[in-house]
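Working notes, structure below.
The values are calculated or read from the model by the stated rules, or taken from the named source; none is laboratory data. Given the structure is predicted, the values throughout are model-derived calculations rather than measurements. Quick reminder, even Gly has a Cβ in these numbers, built from the backbone with ideal geometry, and neighbours come from all protein chains shown. Only protein heavy atoms, including side chains, enter the accessible area calculation; ligands, DNA and RNA are left aside. Shrake-Rupley method; radii C 1.70, N 1.55, O 1.52, S 1.80 Å.
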Amino acid sequence: MSRIVLRHLAFTGPEVEIAKLEFEDRLNLIWGASNTGKSFTLKALDYMFGGKGPLPDINERRGYDTVWLALTLPAGGDVTLSRSLSAGGFLLHQGHVSEPVPDAEPRQLRSIHDPVDDANLSALLLTELGLRHKTIATNAYGVTRSLSFRDLESTFLVDETSIQIERSPIEGGQRDDRTTERSVFRLLLTGLDDSAVIAVDDPKKFNVAKQVKLELIQDMLAEIEATIEADYPDADSLVDQLERLENSLDGTSAAFRRLQTSMRSLLAEKHQLSKLIPEARVRLDEVGLHIDRFEQLQGVYGSDVQRLEALEEAGLLLEIASSRDCPLCGAAPDAQKHHDDEHDIQRVREAAVVEIAAIRRHSDDLELSLTELRTERAQLLAQLPELEGRLSRLEIDIGDLAPQANQSETALSALLNARDKAKRGLSLINQRAELQQRRELFERSKATPRSERPNLALPGTIAHEFSKMVSAVLELWGFPGEHHVDFDDVQYDLKIDGKARVANGKGVRAVTHAAFKVALLLYCRERGLPHPGFLVLDTPLLTYRDPLKKPEAGELGADEAALAATSVKDRFFAHLASLSGIAQFIILENVDPPEDLSGSARVEVFSGGPGGRPGLFAPRPLPRMALADAEPEDQPDEPERQDD
């Protein structure tokens with residue numbers, strides 16, 4: 001069975017001696033005079049289990065800056081939690097320590113519960129108890145949230161005020177928390193959480209939301225009605241108008257599309273002509289330039305041919321003259337001497353003939369090109385006026401179609417606007433109808449009836465078994481009466497021998513509250529149900545107070561006097577001591593314990609003065625330096641007493 005065991009509570013500071021309180025895994029009694037730190041011990045334990053703090057700023061705790069709580073966890077073993085007295089998160093150390101361990105790296109834990117992240121104290125302790133990711137209901141309508149370890153606080157820590165107050169032992173006094181506290185109690189007794197609960201509407205919230213929605217719908221209806229009245233005086237004929245507009249749109253759209261098609265075709269042709277005409281003009285200029293150059297080249301070819309023909313003819317004459325007598329001197333051909341050989345003249349003539357033939361071939365080719373260029377120029381000259389004329393006619397046609405297209409577009413736009421307005425009007429009418437329908441539905445809607453709310457009551461058989469456990473505890477303690485205990489499922493409290501528990505005096509309420517919490521612990525232990533496994537009770541034996549020593553508690557009532565006359569005190573301690581190894585108890589008391597208790601329990605006496613332990617913190621003088629530096633008005637007249 002998983003349970004947590006407290007081992008020690010310690011306070012440390014840089015210039016003070018450690019203040020340490022040891023606990024054993026059995027009954028631990030801390031008793032003695034008032035104002036010695038017993039109740040401060042409980043507050044410190046609450047602080048180390050996730051309480052927000054801060055702790056009371058009493059003189060005795062000054063100089064201390066860290067609290068250490070050593071624990072033995074079911075799975076985690078021996079660990080120690082440390083926390084600054086300035087609040088904030090925790091450090092988790094391995095082993096039972098009261099100072100940092102060299103080279104150790106303690107794990108950081110946040111103080112706030114997180115249902116998802118495990119790096120917080122609540123997640124660690126709930127996991128150790130097998131209660132991680134449990135769900136509890138927070139109201140009677142089944143709204144749930146994740147269980148936090150702080151939800152278990154009242155099951156293991158009971159302060160002096162809570163133990164005697166006139167309310168259920170499981171409730172903290174806040175009405176809004178009542179369902180949550182009862183859900184936690186039910187979880188402990190049954191082992192079942194509320195994760196299967198299906199939430200229903202809270203009637204108050206439902207009615208408020210319903211009224212808000214109705215007002216919103218009414219405002220929307222009013223706005224729509226005003227728009228319809230202002231913009232659609234003929235709202236009843238909107239359907240016919242829309243039908244006529246759709247028909248007109250079909251014809252107008254078709255005409256507009258035809259005009260668009262014609263315009264696109266004309267514009268495309270105009271674009272093409274706008275490119276062709278400049279290209280033709282450029283080409284005409286290029287052709288004219290080529291013709292001029294080719295004609296000049298042809299002239300050069302003609303001149304070259306004439307020059308070569310003259311050379312060839314001169315050579316021929318020279319060849320003929322070489323075989324005759326010299327016309328000047330009458331010398332015979334054999335007697336004549338020439339500077340050039342007749343064979344050279346022959347070669348020159350042949351070369352001239354070859355060159356003439358080549359030039360004439362080039363001239364013929366050039367003439368063919370000239371013919372083609374002249375033909376192309378004639379075609380361009382004939383084509384340009386035709387293209388320019390076509391462009392002019394296209395511009396006229398486009399100019400004629402543009403107004404028609406604009407008129408058609410304007411008509412189409414007007415029809416579209418009219419159609420959209422008609423559609424918007426019909427949409428508003430439809431919205432009005434839908435809102436009216438929703439308004440009727442909301443007006444007829446009702447909150448979930450009580451009979452359909454989730455049943456969050458403690459099962460009767462479980463309540464009966466728990467009542468029997470309380471009865472057994474009271475009987476073992478020697479509580480006066482028949483010990484007939486019933487569970488009041490309305491108040492979530494006990495009726496003892498037919499009388500409501502809270503109807504007794506505060507001393508009787510304290511004892512029966514203690515019996516309730518002890519019975520809860522034993523019930524869970526016997527059935528293997530999760531429970532922290534320890535219980536801290538502050539002043540459960542208030543009945544045995546001395547009215548002279550504790551006048552603020554008031555005189556004993558008749559029921560308290562009857563209880564004080566019994567042996568409940570002795571049997572209370574004997575019973576808790578007998579549970580060693582099953583559960584751990586820490587009792588904070590003012591009354592004297594039984595004389596033989598020290599053999600079966602750890603007893604710590606806070607004497608309030610010299611002789612024994614004065615209190616949780618030993619009185620300490622201020623350091624010499626502090627006394628020397630302190631101003632007279634800064635020195636207190638007398639130290640504050642430790643909180644009880």
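Helix 178-190 sits at what angle to the longest principal axis of the chain, using alpha carbons and giving 0 to 90 degrees rounded to 10?
80 degrees
With everything on Cα atoms, drop me the angle between helix 568-578 and the longest principal axis of the chain, reported from 0 to 90° to the nearest 10.
50 degrees
Based on alpha-carbon centroids, what's the gap between the stretch 26-40 and the stretch 44-87 in Å, whole number please?
17 Å
Once amide H atoms are placed 1.01 Å from N in the peptide plane, what residues at a sequence separation of 5 or more from VAL143, or on another chain, have their amide H within under 5 Å of its amide H?
It is THR138, VAL200, by chain and number.
Taking the highest mean first, how do the peptides 288-295, 579-586 order by number of other beta carbon atoms within 10 angstrom per residue?
Peptide ranking by packing, descending: 579-586, 288-295.
Assign one of three labels to the stretch 66-124, namely rounded, prolate or oblate, based on the Cα gyration tensor with a ≥ b ≥ c the square roots of its eigenvalues; rounded applies when a/c is under 1.5, prolate when it is not and a/b is larger than b/c, and oblate otherwise.
It comes out oblate by the Cα gyration axes.
With axes computed from alpha carbons, what is the tilt in degrees of helix 506-526 against the longest principal axis of the chain, rounded to the nearest 10 within 0 to 90?
60 degrees
What relative contact order, as a whole-number percentage, does the chain give when Cα pairs under 8 Å and 6 or more residues apart are counted?
Normalised by residue count, the contact order of the chain is 26 percent.
Show which lysines lie in cross-link reach of LYS205 when reach means a straight Cα distance below 24 angstrom and same-chain residues fewer than eight apart are skipped.
Leaving aside lysines fewer than 8 places away in the same chain, those within reach of LYS205 are LYS213, LYS446.
Can you tell me how the stretch 336-460 classifies by the Cα gyration tensor, rounded, prolate or oblate, using a/c under 1.5 as the rounded cut?
It is oblate, given that a/c is not under 1.5 and a/b is not larger than b/c.
Straight-line reach from LYS423: which lysines fall under 23 Å, measuring Cα to Cα and dropping same-chain residues less than 8 apart?
Qualifying lysines at Cα under 23 Å: none.
With 24 Å as the limit, write out which pairs from LYS52/LYS204; LYS499/LYS569; LYS204/LYS495 have Cα-Cα distances beyond it, or answer none.
LYS52/LYS204; LYS204/LYS495
Mind giving me the FRET efficiency for LEU297 and GLN379? R0 is 25 Å, r the Cβ-Cβ distance, nearest 0.05 is fine.
Calculated transfer efficiency: 0.65.
I'd like the carbon and sulfur percentage of the solvent accessible area for the chain, probe radius 1.4 Å, heavy atoms only, ligands and nucleic acids excluded.
Percent of accessible area from carbon and sulfur atoms in the chain: 51.
How many Å³ per residue does the convex hull of the Cα positions in the stretch 28-87 occupy?
97 Å³
Using every alpha carbon pair in the stretch 426-483, what percent of pairs falls into each 5 Å bin from 0 up to the bin containing the largest distance?
Cα pair-distance distribution for the stretch 426-483, in percent: 4, 14, 9, 9, 8, 7, 6, 6, 6, 5, 5, 5, 6, 4, 3, 2, 1.
Only Lys, Arg, Asp and Glu count, each charged at its Cβ (+1, +1, -1, -1), so figure out the dipole size of the chain about its Cα centre, rounded to 20 debye.
For the chain, the charge dipole is close to 3240 debye.
Amide H neighbours of LEU27 under 5 Å, counting only residues 5+ apart in sequence or on other chains, H built in-plane at 1.01 Å?
PHE585, ARG602
Take the alpha carbon gyration tensor of the stretch 65-165, find the square roots of its eigenvalues, order them as a ≥ b ≥ c, and report rounded if a/c is under 1.5; if not, report prolate when a/b exceeds b/c, else oblate.
prolate
Non-local amide H neighbours of ILE4 (under 5 Å, H modeled in plane, Pro and chain starts lacking H): which ones?
For ILE4, the qualifying residues are GLY533, PHE534.
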